[in-house]
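Heads up, the thing below is written out as C-alpha cells.
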Amino acid sequence: MDDLRTTLATFTPDDRKEFGRFLQRQRKKPKGRMDSRLCELLLHKKEYTTAELLDQLYPEEPNAVAYYALRKRLMRHLTDFLLQKQLQEDDTAAAAVRGQLSLAQYLFDAGVPRLAWVTLRKAEKLARTNEQYELLNTVYNLQIEHANNEYADDLLDIIKRRNLNKKAADEEERATIANSLIQQRLQAARTQGRDAAFDTIMQDVLREYDLQEAFARRPSLLYRLMAIARSAVLARRDFVSFEPFILRRYHLMETRHGFTAAHRYYQLGLLYMIAHVLYRNRKFVESSRYLEQLRLTLLSGSRTHYADFYPKYIFLLAANKAFMRRNSESIQLLEELLQGKEVTLSPRDELTARLGLGFHYFTEGKFSKTNQVLIGIGRSDHWCEQKMGVEWVLNKNMGEMLVQLEMGNPDLALNRLRAIERSFRERFGDGGPYRYVLSYLQLVRQVIDDPDVVFKPAFVNFVSQMPHFLPLEREDLQALSFYAWLRARMLKRPYYDVLLEVAGEVAVLENRA
C-alpha cells in the first residue's frame, strides 16, 4: 500500500486544486515540475506500481534514487501544506495561544522583551480562561526562561501559578485515560452481549482515577464523558436510560458551577444531546424547549460554533415539529436551510437536510416533490455511505422505493426493493443488525404484487406484530415511520395521521414501562 497515495486520496477536489497551487509556489525548475507530475500520477484513478511510476517519470532511464528523493520532497510539501491549512482553518483558543507563543518567542529573539512579555501575559490569560492546560504550561516555562528581564513578572509568583496549573494538567491527563478506559469497557460490554450499564462503568473508572469532582465541575470533561455514554446509547438505542442520566448531570453542573463564555461549545453540545434524547423518547415538546435554550445560547455567543450547531438545531427542530402536527413548518425550515442564507452546509449536513426534507414532503403526501429531492442528492450510494454510513443509505433507498410505489411505478419500486435485498444479503446474509429490514421488504413485495393483500387477515396479523420485533424503548422513529406506512395502507387512512398515532402509542407504552 502506498501511504503517500493513500494520504493524497483523502483530499477533496478543492483540496487537490489548492495543493496543486501550493506546489506551483514551491516550484524550483526542474524539480518543481517533477513534484507536480508525481502528485498527478499518485492521484490518478489507476494505482501505478513503483516500476510504472519510474517509467512515467524517467522514460529515458529509470532512476530509483531520484524517485525516492522526489517522494520525500513531495511528502515534505504535503506536510507543510497540511500544517498551513490547519493553521488557517483552526480558529480555536488553542490556535490563538500557539500564535501568541510564537510571536512572543520571536520578539524575545528579536530583542523586544517588553512587547514579548505583553504578548505572554495575553497568552496566559487566554489559555487559563479556555482551560488549555498543556499550552499554559508552555507559557509558564517561557516566562520562567525569561524571568531575569526587567519587564518580567515575579519569578516566585510565576512558579506558584505553574505548580497550580500542573495539577490541573495532571487532572486533564487522568481524564483522558479515564475516557479511553470507559470507552473500551462499554465497547467490551456491547461485544460480549451484556447490557452496557454506563452509569456503573463510569462511576467505577472515575472513582479509580479520583475524577468524580472534576467531572462535576468542569464542562469540558462532562461533555466528553456524555459523548462517550451517548455513543453507547446510539449503538444500543437505550435512550430511555440515558435521558435521566444526562439531565441529572447537566442540571447539577448548571446549578453548582454554571457555564462561562469559554464553555459555550460544551454547553451547546450538552443541550443538543438532551434535546436529541428527548426527541428519541417521543417527548417532542420538552425536546423543543431545550432546543430553544440551545438557540438562545448560540445567539448569545460568537459565531464560532454557529456553522456546527445551527444545522443540527434546525434538523432536530424540524423533526420535533413534524411529530407535533406542524410538518409544514418543518418543510419551511429545511428549505430555508438549504438556501444557505444562515450557514454554508457541509456535505454531511446537506445530505441530512435533503433526506429530511424528502421525508417531510412524503409525510404531506407530496410524492413528486419527495422524488425530486431524493434525485437532487445526486450522489452514488457508495459515496453516500462513506459520508453518512450504512443506515442513512438504507433509509434513503427505502424512501426511494416507497415513493415510487406511491407515484404508481410498481416496477421501479420492485427494482429498488431487489437492489436493497441484494446489497444487504451480500453484506449481512439473512441475519445481522438489519434482519428486520428483510422481513419488512417481504411485506412491501407482497403489496407490490397484490395491493389488496393489506386487507387479508394473515397480512394484517403479521404487520400488527412488527413493533414487537425489538423492545419498544429501543425502536427508533425511522423504523416506526416505515411501519406506519404499512398500517396506513391497511387502514386506508392518511400516512401522516397514522404516523402520529403510532408514535403516540409507543410513547404511552414506554412511559407505563
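Only the coordinates and a few stated rules stand behind these numbers; no lab work does. Just so it is clear, the structure is predicted and the values come from calculations on it, not from any experiment. Glycine also receives a Cβ, built like all others from the backbone with ideal geometry; neighbour counts cover every protein chain displayed.
Rg(Cα) of the range 93-153 divided by 2.2 N^0.38 Å?
Cα Rg divided by the expected 2.2 N^0.38 Å: 1.00.
Let me spell out the model: positive unit charges on the Cβ of Lys and Arg, negative unit charges on the Cβ of Asp and Glu, origin at the Cα centre of the range 93-153. What dipole size does that give, in debye rounded to 20?
I would put it at about 220 debye.
Please report, to two decimal places, log10 I(q)/I(0) for the chain at q = 0.09, 0.11, 0.13 Å⁻¹ as given by the Debye formula with identical point scatterers on the Cα atoms and no solvent.
-0.88, -1.17, -1.35
Got the relative contact order for the chain handy, in percent, Cα pairs under 8 Å and 6 or more residues apart?
Relative contact order here is 7 percent.
Give me the percent relative contact order of the range 3-89, please, defined on Cα pairs under 8 angstrom at least 6 residues apart.
Reported as a whole number, the value is 29 percent.
Nothing charged except the Cβ atoms of Lys and Arg (+1) and of Asp and Glu (-1): what's the magnitude of the dipole of the range 253-305 about its Cα centre? Round to the nearest 20 debye.
Using only the charged Cβ atoms, the result is roughly 120 debye.
Helix by helix, which DSSP H runs in the chain go 30 Å or more along their axis at the Cα atoms and have an average Kyte-Doolittle hydropathy of -1.0 or more?
64-89, 155-191
Percent relative contact order of the range 262-320, based on C-alpha pairs within less than 8 angstrom and at least six residues apart?
38
So, in Å, what gap is there between the alpha-carbon centers of the range 208-278 and the range 414-460?
So the two Cα centres are separated by 39 Å.
Order of 462, 455 from fewest to most other C-beta atoms within 10 Å?
Sorted ascending by nearby Cβ count, the order is 455, 462.
For a quick check: sort 209, 265 by the number of other beta carbons within 10 angstrom, fewest at the front.
With the fewest neighbours first, 209, 265 line up as 209, 265.
Take 464, 423 and order them by how many other Cβ atoms sit within 10 Å, fewest up front.
Ascending number of Cβ neighbours within 10 Å: 464, 423.
In Å, what is the Rg of the alpha-carbon atoms in the range 3-89, and how long is Dmax?
In order Rg, Dmax, the Cα atoms of the range 3-89 give 12.9, 43 Å.
Hey, how many Å between the Cα centroid of the range 30-80 and the Cα centroid of the range 287-345?
Each part's Cα centre sits 47 Å from the other's.
Work out the P(r) tail for the range 391-454: percent of alpha carbon pairs separated by more than 18 Å, whole number.
31
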